[in-house]
Every structure is written in C-alpha cells, then in structure tokens.
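Student: Just passing along the structure, written as structure tokens.
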Amino acid sequence: MREHPELLASVLEARAGRCFPFRLRTLAEGLADGALALLFPQFSSGKPCDTATARREIHEFMAGWEEAAEALASLGEPMPPDAVDGLLDEMPKLRERLLLDARATFHGDPAARSIDEVIVAYPGFLAIALHRVANVLFRAEVPLFPRLIAVVAQTRTAIDIHPGATIGHGFMIDHGTGVVVGESATIGNGVKMYQGVTLGALAVEKALANRKRHPTIQDHVVIYANATILGGETVIGHDTVVGANAWVTESVPPFSVVGRNAEHRPRRSTGDGELEFFI
C-alpha cells in the first residue's frame with residue numbers, strides 16, 4: 001500500500017495545536033452508564049447490594065470524570081470547580097425524582113407490569129433519567145458533556161431532549177420514538193407525552209440563542225402522538241389535552257382540548273367530578 005502524503009498533511013493541519021480527544025463520546029457513554037448504575041441497582045454491573053460494588057462504582061464514576069476533565073482541558077474548556085461533586089451530591093435527589101417519573105409511567109400505562117419493568121425496559125424512562133443527569137451538568141456549565149449524554153439517550157431511545165430543558169416531577173413519555181424537546185422548553189409536573197411530539201421553536205435564527213424559544217407546558221397536560229407545539233411565548237394551560245397531530249403556535253387556557261386545527265374548547269365535566277376527553 002502506497003503512502004498518502006497529502007492526506008497526512010491534511011490530517012496534521014486539522015489537528016495542529018488542537019488534538020481533539022476522540023474518546024469524548026466513549027467517555028460520555030461510560031459516564032451515562034455509571035450514573036444509571038449509581039441511581040438504580042438494575043443498571044449495576046456487579047452485585048448491586050454489595051458495599052464493595054457500590055464503592056467501586058462510585059470510584060469508577062469519579063475516575064471517569066477525572067478523565068473527562070483532562071479531555072476538556074485539552075480543548076481549552078476547563079471543567080467548572082466542584083461541578084462533579086455537585087452532581088454526586090445531587091444524585092440521591094435525582095433518584096427520588098426519577099422514582100416519581102417511574103411511578104407516573106407505571107400508573108399511566110396499563111401495559112406496565114411493575115416499576116422495575118419501567119426502569120429497565122422503557123425508553124421514555126431511560127431518556128428522562130439521562131436528561132436529569134445532563135440537566136444538572138448543564139446548569140453547572142460543564143462543557144460538551146451535557147450534550148454528549150443527551151446524544152447517548154437519543155442514540156438509545158430516539159428521544160431528543162436538550163439538557164437545558166426544565167422538566168417537573170412525574171414526567172411520562174410513552175413509546176417515545178421521535179420526541180423532541182428544545183433547550184428552553186419548560187414542562188410542569190405530571191405531564192404525559194406520546195411518541196413524535198415536538199416542543200420546538202418558531203424560528204431558528206442564531207440571534208435568538210439567548211431567548212426563550214420553546215413552549216411552556218403547565219401541570220397535568222397530556223400531549224398525544226405527533227403533536228407539534230412551537231414558540232417561546234406559547235403556554236399550554238394546566239390540565240389541557242393536546243390531540244394527536246395538533247399544530248399549536250398560540251397559548252391555550254387551562255382545561256382545554258386542542259384538536260388538529262389548533263382550535264380549542266373546554267373539557268367538559270361528566271357530572272361525577274371526572275372530565276370527559278374529546279379526542
């Protein structure tokens with residue numbers, strides 16, 4: 001096989017003064033798995049109830065972050081002080097929040113047989129779990145790794161949640177394939193979302209980068225498959241149902257039902273305290 005000096009020159013030119021650490025994605029995947037193992041024994045690689053295993057996994061997780069910090073430093077993007085300690089301190093609270101998410105999925109999906117099944121087998125729960133880890137890192141202004149952990153979630157579940165999105169407790173994504181949640185989206189408590197839902201921006205101009213571009217979803221909203229909700233000023237009022245394939249670019253008051261043509265009407269009481277759905 002002959003030499004390729006032009007290729008060599010091109011490669012060296014691309015790397016000059018900036019040797020990009022090619023293990024960034026691999027590191028992020030290992031850190032994502034390490035976080036899952038610390039959050040739930042179902043993801044542990046050893047005997048999850050053994051103290052030695054728990055200590056080993058914590059040590060490996062911290063060592064992975066040391067390697068990540070070195071990689072970021074080589075790019076001129078240092079890790080913020082105490083960011084990893086902040087994540088470790090936050091992990092017990094993350095587990096509590098994620099158990100609320102798992103319970104919401106278990107109670108919201110008749111097909112779910114147990115909380116364990118939700119934790120280990122539901123792509124929506126996996127995407128939410130990794131998002132909550134990535135969000136802690138994003139708020140701590142850790143470079144690159146929040147997005148890389150979001151990529152791990154997207155690769156495994158086809159659910160794309162920007163690490164900057166703010167999500168309340170008891171969040172459920174059923175099925176999940178094709179869900180997209182933008183950076184400045186805000187999702188309240190007890191929200192249920194189905195496959196193909198987009199919480200996006202009305203415009204993608206770079207000048208809008210620091211503005212709220214994505215919608216606000218208030219508490220106890222249900223968004224059915226393939227609905228699209230756009231715009232930073234768009235607010236979906238609490239206890240609203242957004243029907244399948246709806247296209248929404250304007251705010252909707254609480255207790256509404258939204259159809260495909262974005263017209264909305266109040267949800268109607270059945271007389272026994274329940275609300276009737278018009279879907």
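Student: Could you give every pair whose Cβ atoms fall below 6 Å, whose first residue belongs to the stretch 39-53 and is within 18 Å of Arg95 (Cα to Cα), and whose second residue is modelled with pLDDT under 85 and open to solvent by less than 70 Å² (accessible area, probe 1.4 Å), counting only separations of at least 6 or pairs across chains?
Tutor: From the stretch 39-53, the pairs are Pro41/Pro48.
Student: Moving on to the next point. Mind checking which residues of the stretch 113-130 are closer than 20 Å to Thr166 by Cβ and open to solvent by 10 Å² or more (accessible area, probe 1.4 Å)? Can you show your working first?
Tutor: Step one: filter the stretch 113-130 for residues closer than 20 Å to Thr166 by Cβ, giving 124-130.
Within the stretch 113-130, Leu126 is the sole residue that qualifies.
Student: Confirm whether Thr26 is at pLDDT 90 or above and loosely packed, with under 15 Cβ neighbours inside 10 Å.
Tutor: Working: at pLDDT 90 or above: yes; loosely packed, with under 15 Cβ neighbours inside 10 Å: yes.
Here the answer is yes, as Thr26 does meet what is asked.
Student: Scan the stretch 132-146 and tell me whether some residue there is acidic (Asp, Glu), touching a residue at least 40 places away in the same chain (Cβ under 8 Å) and crowded, with 19+ Cβ neighbours inside 10 Å. Even if it seems obvious, please write down each step before you answer.
Tutor: Looking only at the stretch 132-146, we keep the residues that are acidic (Asp, Glu), and these are 141.
Retained after the next criterion (residues that are touching a residue at least 40 places away in the same chain (Cβ under 8 Å)): 141.
Restricting the remaining residues to those that are crowded, with 19+ Cβ neighbours inside 10 Å gives none.
No, the conditions are met nowhere in the stretch 132-146.
Student: Does Leu94 satisfy being at pLDDT 85 or above, within 26 Å of Pro123 (Cα to Cα) and out of contact with any Lys or Arg (no Cβ under 8 Å at 6 or more places or on another chain)? Please lay out each step first, then the result.
Tutor: Details: at pLDDT 85 or above: yes; within 26 Å of Pro123 (Cα to Cα): yes; out of contact with any Lys or Arg (no Cβ under 8 Å at 6 or more places or on another chain): no.
In short, no.
Student: Another question about this same structure. Restricting to the stretch 238-254, count the residues that are over 17 Å from Asp174 (Cβ atoms) and surrounded by fewer than 18 Cβ atoms within 10 Å (Cβ to Cβ).
Tutor: 7
Student: Right, another one. For Glu77, only one of the following conditions fails: (1) in contact with a Pro (Cβ under 8 Å, 6 or more places away or on another chain); (2) surrounded by fewer than 16 Cβ atoms within 10 Å (Cβ to Cβ); (3) over 18 Å from Arg139 (Cα atoms). What is its number?
Tutor: (3)
Rundown of residues vs (1) of a type in the set (S, T, N, Q); (2) part of a helix (DSSP H, G or I); (3) under 22 Å from Glu29 (Cβ atoms), yes/no style:
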{"residue": "Arg56", "(1), (2), (3)": "no, yes, yes"}
{"residue": "Glu60", "(1), (2), (3)": "no, yes, yes"}
{"residue": "Glu66", "(1), (2), (3)": "no, yes, yes"}
{"residue": "Ala71", "(1), (2), (3)": "no, yes, yes"}
{"residue": "Leu88", "(1), (2), (3)": "no, yes, yes"}
{"residue": "Leu99", "(1), (2), (3)": "no, yes, no"}
{"residue": "Phe125", "(1), (2), (3)": "no, yes, yes"}
{"residue": "Asn135", "(1), (2), (3)": "yes, yes, yes"}
{"residue": "Phe138", "(1), (2), (3)": "no, yes, yes"}
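Student: If you check every pair at least six apart or on different chains, which have Cβ atoms under 8 Å apart with a residue in the stretch 179-196 that is free of Cβ contacts under 8 Å to residues at least 12 places away in the same chain first and a residue that is open to solvent by 50 Å² or more (accessible area, probe 1.4 Å) and not in a loop (DSSP other than H, G, I, E, B) second?
Tutor: Cβ pairs passing all conditions: none.
Student: Return a yes/no flag: does the stretch 233-250 have any residue that is at pLDDT 75 or above, in a strand (DSSP E or B) and touching a Gly at 6+ places or on another chain (Cβ under 7 Å). I'd like the intermediate steps shown before the answer.
Tutor: Start the filter on the stretch 233-250 by keeping residues that are at pLDDT 75 or above, which leaves 233-250.
Then keep just the ones that are in a strand (DSSP E or B); that gives 235-236, 241-242, 247-248.
This time we only want the ones that are touching a Gly at 6+ places or on another chain (Cβ under 7 Å), so: none.
No, the stretch 233-250 contains no residue that is at pLDDT 75 or above, in a strand (DSSP E or B) and touching a Gly at 6+ places or on another chain (Cβ under 7 Å).
Student: Only residues that are surrounded by 14 or more Cβ atoms within 10 Å (Cβ to Cβ) and at pLDDT below 75: list them for the stretch 255-274, please.
Tutor: Going residue by residue through the stretch 255-274, those that are surrounded by 14 or more Cβ atoms within 10 Å (Cβ to Cβ) are 255-259, 262, 264, 267.
If the condition is that a residue be surrounded by 14 or more Cβ atoms within 10 Å (Cβ to Cβ) and at pLDDT below 75, then Ala262, His264, Arg267 are the ones that fit.
Student: Please identify the pairs in which a residue from the stretch 233-261 that is closer than 19 Å to Thr186 by Cα has its Cβ atom under 6 Å from the Cβ atom of a residue that is among the acidic types (Asp, Glu), counting only partners at least 6 apart or on another chain.
Tutor: His238/Asp219; Pro254/Asp239; Phe255/Asp239
Student: Here are Val221, Val180: which of them is open to solvent by 20 Å² or more (accessible area, probe 1.4 Å) and β-branched (Val, Ile, Thr)?
Tutor: Every option except Val180 fails the conditions.
Student: Same structure again: Do we find that Pro143 is farther than 18 Å from Glu29 by Cβ and not small (Gly, Ala, Ser) in this structure?
Tutor: Values: farther than 18 Å from Glu29 by Cβ: no; not small (Gly, Ala, Ser): yes.
Here the answer is no, as Pro143 does not meet what is asked.
Student: Of everything in the stretch 50-61, what is touching a helix residue (DSSP H, G or I) at 6+ places or on another chain (Cβ under 7 Å) and open to solvent by 40 Å² or more (accessible area, probe 1.4 Å)? Give them in sequence order.
Tutor: Step one: list which residues in the stretch 50-61 are touching a helix residue (DSSP H, G or I) at 6+ places or on another chain (Cβ under 7 Å), which gives 57-58, 60-61.
Passing the criteria: Ile58, Glu60.
Student: Criterion first (modelled with pLDDT under 95, of a type in the set (S, T, N, Q) and closer than 19 Å to Thr186 by Cα) does Asn226 satisfy it?
Tutor: On the way: modelled with pLDDT under 95: no; of a type in the set (S, T, N, Q): yes; closer than 19 Å to Thr186 by Cα: yes.
Spelling it out, it is not the case that Asn226 is modelled with pLDDT under 95, of a type in the set (S, T, N, Q) and closer than 19 Å to Thr186 by Cα.
The values are calculated or read from the model by the stated rules, or taken from the named source; none is laboratory data. Fair warning: this is a prediction, and the values are worked out from it, not measured in the lab. Because the Cβ atoms are built from the backbone with ideal geometry, glycine has one as well, and the counts that use them run over all protein chains shown. These area figures cover heavy atoms from the full protein model, side chains too; ligands, DNA and RNA do not enter into them. Shrake-Rupley method; radii C 1.70, N 1.55, O 1.52, S 1.80 Å.
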